[in-house]
Amino acid sequence: MTALKLDRGGKKMQRTISPGSWLLGVMIGLGIVSGSARGADLATGEALFRSGQYDECATMAAQEIAAGAEIGWHMVLVESHLARGRTQEALAAVEAAIERFPRSVSLRLLARRARIEAGQDPALASDFEAIEEIIVRSGGRFSSPLDRIALGRYFLMRGADPRTVLERFYDVSLKENPDLLEGYFAAAELALAKDDFALAAATLKKAPPAAAQDPRSHALLARAYDNDDPAGSAREVAAALKLNPRHVESLLLAAEHKIDAERYAESAETLKAVLAVNPREPRAHAYLAALAMLRSKDQDAAALKAQALANRPRNPEVDYLIGRTLSAKYRFEQGAKHQREALTIDPDYAPAKLQLCQDLLRLGDEAEGWKLAAQVLDKDAYNVVAYNLVSLRDHLKGFRTIEADGIVLRMDPREADLYGDRALALLKRARATLAARYGVTLSSPITVEIFPERKDFAVRTFGLPGADGLLGVCFGKVVTANSPRSQGEHPANLEAVLWHEFCHVITLARTRNRMPRWLSEGISVHEEARADPAWATALNPTFRKLILGPELTPLSQLSSAFLNARTALHVQFAYFESALAVEFLESRFGLDTIKWLLDDLGNGQTLEDALPKRSKMTLTQIDQAFGDFARQRAKGTASQATWEEPELPAGADAKALGGFVAEHPNSFWGLRRLAARLVDDRRWGEATTVLEKLKGLYPEFTGPDNAYTLLAAVHRGQGDAAAEERVLEELAARSGDAAPAFARLMELARARGDWAAVARNARRMLAVNPLVSEPHRMLALAAEKTGTLDEAIAAARAVVLLDQIEPAGAHYQLASLLARAGKPAEARRETLKAIEEAPRFLAAYRLLLDLGSEPAAGARSLDSKGAHP
């Protein structure tokens with residue numbers, strides 16, 4: 001029914017899964033199988049447990065056991081004690097149960113869990129030895145589906161092949177009893193343990209309707225969705241807590257979500273709710289320790305960690321969780337330290353080893369990082385993250401490395417030939433500009449890796465594929481980015497992306513990787529606009545509406561805007577809001593205040609403490625002032641426009657649209673639709689009037705059917721090249737992604753012989769997508785005309801790589817440029833390649849003769865193959 005895969009699916013950091021109360025389903029089934037006369041009462045006990053009434057459940061179980069109940073009630077009692085952290089009572093109850101039911105595998109597994117939670121050494125083999133003896137004596141007579149699920153879990157603990165367990169135990173049990181919830185839960189837990197989130201979700205979706213009434217089902221689905229669908233994960237957590245407000249697994253995940261959103265105080269309250277259920281829960285103490293460390297309260301963190309380890313001092317999960325939480329906040333050095341401590345306790349603890357691997361790779365320590373990935377994969381061939389990383393390691397061996405001035409750039413070799421030098425120059429300029437602006441000295445090289453395949457970018461960045469919508473990620477000393485090849489037909493401006501990510505390098509360096517997400521992203525987006533106004537994110541109609549409505553996030557809560565974003569558009573709005581907040585801070589308090597804030601963060605202060613101190617305002621006052629600033633900006637944009645939308649069919653004609661505009665003469669949406677219709681109808685004069693008005697009302701709008709693009713179409717239709725060029729230049733100055741405009745501007749400038757303009761627009765287009773030949777070809781021509789031979793040669797080399805239609809001409813152009821640059825040997829080689837592609841290419845023969853007699857041997861070689869006419 002399920003198939004364990006090695007596919008690359010998912011994206012986030014690995015999370016552990018507690019055994020929880022999975023034995024509850026087993027114990028209910030075993031009570032029924034054993035023929036208990038108290039089946040109805042046991043169902044009542046199960047309902048009490050599922051709803052979080054653990055004490056009431058324990059009381060009922062004790063009463064039933066005293067009356068001679070069967071095995072199910074014994075297990076209910078043990079589980080109820082464990083849920084409340086009463087480990088000694090659980091041990092006593094399970095030992096008493098084993099005396100009565102010595103041949104129960106499920107009881108033995110429950111006993112092992114109770115011993116571990118009570119602080120006993122998990123390496124003790126007594127329970128496993130007892131189970132092995134039961135298996136041998138049974139002669140294989142474990143016939144019920146629940147028995148087989150318990151055995152499957154046991155064999156997984158003993159290191160059995162996961163696929164074998166899945167197929168021979170879980171799938172067989174589900175085939176025999178398709179309504180057995182425990183089978184779905186067991187299979188989902190196995191998939192989650194291997195980071196196969198898609199398989200876990202698919203498995204749980206096949207579960208019968210009864211699963212919807214079990215908080216475990218919702219908690220497992222929440223884990224499965226947590227990587228790619230945060231909103232879906234939150235919904236499942238809410239569903240689980242509605243069924244059981246004291247469900248520890250769901251409360252812990254809710255706390256993690258709040259940490260992700262930097263709602264640290266709320267997370268702490270949720271963790272206290274966990275401890276109210278189970279005061280000994282080590283994961284709750286571990287997360288509280290991590291929260292203390294994020295607030296630089298190191299003494300509190302040490303005390304909380306000691307509490308987490310009080311019951312089980314050699315529990316590697318504590319340091320693993322602390323370290324993983326720190327790494328999720330880009331504290332990779334601190335995170336790696338805790339993973340090493342976890343591995344000191346248990347050198348084979350795979351979650352810590354894999355997390356340390358990723359921490360080291362993000363810190364640039366690749367030798368040890370790749371080694372750890374291989375170790376995890378050697379130990380567990382089904383670990384999806386380890387498999388992905390090892391596969392990527394092998395793929396990266398084929399990348400080319402370009403180094404200069406503290407930048408280590410790694411790229412696909414072909415892409416390196418096409419734009420490696422351009423990318424390196426941009427990164428060097430970003431390093432110099434931004435380091436000077438923020439007063440940062442980078443003491444070690446910065447590694448930038450550009451991936452032509454999105455899945456490789458995602459694996460390098462997160463260990464798993466996904467990462468849809470992300471163009472780049474900066475970890476501090478390491479930057480990863482998607483190349484234009486991975487972005488489809490309309491890539492983002494690559495140079496803007498690299499500038500954005502390198503700004504993260506600078507601010508993370510100044511804060512020692514201690515800054516809230518909104519401030520980090522806000523500064524980077526803000527600096528894009530400063531580097532080139534065309535890279536700025538425009539205030540579009542949707543953003544304007546969100547700012548003026550109730551969805552503007554207070555500055556002090558901006559990090560939550562990223563996690564709580566309902567759609568991709570809301571994620572984009574979170575970036576825009578954050579940049580607007582940084583612009584507000586700089587305009588109100590100055591750049592020095594921002595730099596001091598970064599220092600405060602680096603010294604361990606929270607922004608909630610540092611910002612009021614530096615601004616001399618309370619957070620409430622800052623939030624109010626930012627709100628006023630943002631609303632003023634929104635109201636000042638397209639201030640004379642109105643926003644009525646015509647309720648007309650998509651194919652409405654110009655007469656109908658004109659009637660609407662007559663009633664609403666400044667309606668942005670009405671004017672836009674009318675203009676587009678008039679252009680489609682080739683009614684140039686009327687279209688010009690409407691478009692000039694639209695452009696005047698909202699000059700910032702560069703989205704679909706913008707006034708600039710439509711006016712250019714009008715002028716082109718009228719044969720007015722000069723007017724077309726003027727309006728396209730206006731668009732180019734406002735939009736760094738307007739590749740069609742750049743291409744047309746190249747054509748127009750070439751037609752009138754303005755080679756400087758040709759070169760300018762070729763560079764604009766190459767900034768967006770350097771993987772197409774035309775801008776390289778035009779730049780080679782323009783640079784040749786203006787006498788910048790080095791740039792012309794570089795562009796011509798790119799044309800040679802890209803031009804599959806006229807390769808002979810591309811080689812000839814490059815040869816001619818090389819000859820003019822005084823590089824005869826290279827020129828001869830390119831000339832011969834041109835002749836090889838086109839044996840009757842007379843101009844190439846003439847160039848070969850002009851280059852001298854040295855290539856004669858090469859010419860004879862071609863002649864001997866019949867290549868010459």
Per-residue HN-Hα couplings for the stretch 91-102 [Karplus 6.51, -1.76, 1.60; θ = phi - 60°; Hz; x = Gly/Pro]: 4, 4, 5, 6, 5, 5, 5, 5, 4, 8, 10, x
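Compute the FRET efficiency between Asp421 and Glu129 as 1/(1 + (r/R0)^6), taking r as their Cβ-Cβ distance and R0 = 56 Å, and round to the nearest 0.05.
0.25
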Over the chain: helical MRE at 222 nm, DSSP H runs n ≥ 4 each giving -39500 (n - 2.57), nearest 500: -21500 deg cm²/dmol
Proximal lysines to Lys655, defined as alpha-carbon separation beneath 19 angstrom and excluding residues fewer than eight positions away on the same chain: Lys693
Rounded FRET efficiency, nearest 0.05, which uses the C-beta distance separating Arg414 from Glu366 and R0 of 25 Å: 0.65
Estimated distance in nm for a label pair at Gln88 and Lys613, the labels positioned 7 Å out from Cα along Cα-to-Cβ: 4.6 nm
Mean separation of Cα contacts under 8 Å, 6 or more apart, over the residue count of the stretch 209-365: relative contact order %: 13 percent
Förster-model FRET efficiency, 25 Å R0, Ala238 and Asp55, C-beta, rounded to 0.05: 0.55
Karplus 3J(HN,Hα) series, Hz, for the stretch 229-236 with 6.51 cos²θ - 1.76 cosθ + 1.60 (x for Gly, Pro): 9, x, 5, x, 4, 4, 5, 5
q = 0.19 Å⁻¹: log10 I(q)/I(0) that the Debye formula gives for the stretch 467-593, counting C-alpha atoms only: -1.20
Whole-percent carbon and sulfur share, accessible surface of the chain, 1.4 Å: 52 percent
Average projected area [Cα convex hull, the stretch 615-710], square nanometres: 7.8 nm²
Karplus (6.51, -1.76, 1.60) ³J(HN,Hα), θ = phi - 60°, over the stretch 574-585, in Hz, Gly and Pro reported as x: 4, 4, 5, 4, 5, 5, 5, 5, 5, 4, 4, 4
In degrees, nearest ten, helix 721-734 long axis to first principal axis of the chain (Cα): 30 degrees
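Extension gain Glu99-Gln621, at 0.36 nm per residue separation less the Cα-Cα distance, in nm?
Net length gain for the segment: 181.2 nm.
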log₁₀ of I(q)/I(0) at q = 0.24 Å⁻¹ - the stretch 716-784, Debye sum with one point per alpha carbon: -1.02
More than 37 angstrom apart: percent of Cα pairs within the chain: 56 percent
Amide H contacts of Val408 (H built 1.01 Å from N, under 5 Å, at least 5 apart or other chain): Ile446, Thr447, Val448
The chain: relative contact order in percent, alpha carbon pairs under 8 Å with at least 6 residues between: 7 percent
Highest-first arrangement of 661-669, 710-718, 109-117, where packing means the average Cβ count within 10 Å: 109-117, 710-718, 661-669
5 angstrom amide H check on Ser667, placed H, neighbours 5+ away: Thr642
Along principal axes, Cα extents of the stretch 234-286, largest first, whole Å: 25, 24, 13
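Subtract the Cα-Cα distance of Trp643 and Ala202 from 0.36 nm times their separation in residues, and report this length gain in nm to one decimal. Can you show the working numbers first?
On the way: separation 441, 0.36 × 441 = 158.76 nm, distance 4.37 nm.
Answer, rounded to one decimal: 154.4 nm.
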Extension gain, Arg840 back to Ala650 (0.36 nm per residue minus Cα-Cα distance, nm): 62.8 nm
Inter-label distance for Asp298 and Asp121, nm, one decimal - labels placed 7 Å from Cα along Cα-to-Cβ: 3.3 nm
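Counting only heavy atoms of the protein chains, get the accessible area per residue of the chain (1.4 Å probe) and round it to a whole Å² value.
Per residue, the chain has an accessible area of 41 Å².
The values are calculated or read from the model by the stated rules, or taken from the named source; none is laboratory data. No experiment lies behind these values; they were computed from the predicted model shown. So basically every Cβ, Gly included, is an ideal-geometry build from the backbone, and we count neighbours across all protein chains shown. These accessible areas exclude ligands, DNA and RNA; they are computed on the full protein's heavy atoms, side chains included. Shrake-Rupley method; radii C 1.70, N 1.55, O 1.52, S 1.80 Å.
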